[in-house]
Structure formats: structure tokens, C-alpha cells
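The values are calculated or read from the model by the stated rules, or taken from the named source; none is laboratory data. Predicted model, so just to flag it, every value in this text is computed and none were measured. All Cβ positions, even for glycine, are placed from backbone atoms using ideal geometry, and neighbour counts span all protein chains on display. Heads up: the accessible areas ignore ligands, DNA and RNA and are worked out on the full protein's heavy atoms, side chains in. Shrake-Rupley method; radii C 1.70, N 1.55, O 1.52, S 1.80 Å.
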Amino acid sequence: MKHKGTITIETDRLCLRAFKFSDTEAAFKNWTSDEKVTEFLRWPTHTDISTTERVIRSWIEESQRADFYQWAIVLKEINEPIGTISVVGINEDLNILHIGYCIGSKWWHQGITSEAFSSIIPYLFDEVGANRIESQHDPNNPHSGDVMKKCGLIYEGTLRQADYSNKGIVDACMYSLLKDEWKKHQER
């Protein structure tokens with residue numbers, strides 16, 4: 001793959017961009033302190049803004065690396081980040097990128113996460129050179145799977161006790177999209 005890092009990507013409603021330290025307060029207010037958001041995630045709800053400060057500082061530092069992809073999902077309407085989408089796993093041998101995402105519960109069921117995910121797919125296939133984009137979710141969080149389906153990912157199966165979250169060891173519903181599948185769909 002030809003890693004190029006986190007670039008700015010715009011859609012009708014969103015600006016996906018690298019994090020800035022000034023995003024800390026909005027991140028804490030909009031999703032990192034939201035227990036609904038973290039229920040199915042691996043990291044605990046932030047109970048203090050200093051935790052969010054540390055995380056964002058680390059994302060800013062890591063964003064200097066070409067193989068680091070961490071976007072703030074900024075809702076243009078309010079000009080604040082309301083969540084994040086990122087590459088959480090890279091397999092260089094197979095050109096696979098694993099995607100993770102979350103947004104504040106106030107913005108669920110509005111198509112925002114699907115819009116963000118759909119907008120990074122062309123970049124990751126065409127510019128970075130991924131061959132497979134994959135993501136997974138806990139079967140008890142089917143709305144996350146709906147996002148994957150809307151973005152063209154195909155359900156491959158459920159891996160038993162293959163992941164962990166704040167709920168403990170959980171099953172993982174795996175979805176993927178291959179570059180040639182995506183290209184064929186784009187040609188229609």
C-alpha cells in the first residue's frame with residue numbers, strides 16, 4: 001500500500017479531517033463521555049476531560065505517520081466533531097484495512113456514519129491501495145452492521161467469541177468490501 005495519512009475529505013454534511021487539540025471539549029461533550037456510544041466499544045467512557053485530552057494528543061502525534069488514519073467527523077451544520085472514523089488495523093501482506101467508527105448518540109440514525117464511511121472508501125482503495133476494507137460489530141449492535149451494509153460491505157459470517165468490548169468477550173459479525181467489487185459497483 002502507498003500510505004498517505006489522514007487527508008481532509010468533504011461531503012454534503014461532513015468534513016472529515018485530522019484532529020486538532022481544540023477539538024477536545026467537543027469530543028468530550030459529543031461522544032467520549034457518552035455511555036451509549038462506548039457500550040459496544042473497547043475503550044471505557046471518559047469520565048474526565050483529561051482522558052479525552054490525552055487521547056486526542058496521541059492522535060495528533062500519531063497523525064505525523066503516513067500509515068495513521070484517524071478522522072474527526074465534523075458536522076458542518078454545527079462546525080464541531082461529533083465522532084470519529086479510523087483505520088484500526090492494517091495487514092500489509094494482504095492490503096487489508098480494518099475500519100472502526102463511533103459518533104455521539106444524539107446523531108444516530110441520521111445516515112451520518114454511513115456518509116463518513118462511504119466517503120473514505122474511494123481514498124483507501126484508489127489512493128492508499130487497499131484491496132480489502134473490512135469492519136466488524138457485536139451482534140447485539142445491529143445498527144453498526146446496517147452502516148456497513150449501506151456502504152456496500154458484505155456480511156461474511158459471525159466469528160464466535162472473537163472480539164472484546166466493554167461487555168467482555170463477544171462475537172464479531174464480519175463484513176468486507178473488495179476493491180474489484182467496489183469498482184464494478186462504481187461502473188454501474
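Here are a few things to note about the model shown:
- The apolar share of the surface of the chain, taken as the fraction of accessible area on carbon and sulfur atoms (1.4 Å probe, ligands and nucleic acids excluded), comes to 48 percent.
- Within the shell defined by Cβ-Cβ distances under 9 Å, the residues around G129 carry a net charge of 0, with Lys and Arg each +1 and Asp and Glu each -1.
- Between I73 and I82, G83, T84, I85, the built amide H atoms are under 5 Å apart, and every one of these is 5 or more places off in sequence or on another chain.
- Contact order relative to length of the stretch 53-132, as percent, for alpha carbon pairs under 8 angstrom and 6 or more apart: 20 percent
- Grouping the Cα pair distances of the stretch 113-176 into 5 Å bins from zero gives a pair-distance distribution of 4, 18, 25, 22, 16, 11, 4, 0 percent in increasing distance order.
- Average accessible surface area per residue within the stretch 102-188, 1.4 Å rolling probe, Å²: 52 Å²
- Net charge in the neighbourhood of D12 (other residues with Cβ under 11 Å of its Cβ; Lys, Arg +1, Asp, Glu -1) is -1.
- Solvent-free Debye scattering, log10 I(q)/I(0), computed from the Cα coordinates of the stretch 1-160 at q = 0.13 Å⁻¹: -0.59
- Local electrostatic count at I56 - Lys and Arg +1, Asp and Glu -1, tallied over other residues with Cβ under 14 Å: -2
- The separation of the stretch 85-145 from the stretch 27-47, counted between C-alpha centres, amounts to 18 Å.
- Annotation note: trypsin sites (Lys or Arg not before Pro) in the stretch 1-41 located in DSSP loop regions with a Cβ neighbour count of at most 13 within 10 Å are K2, K20.
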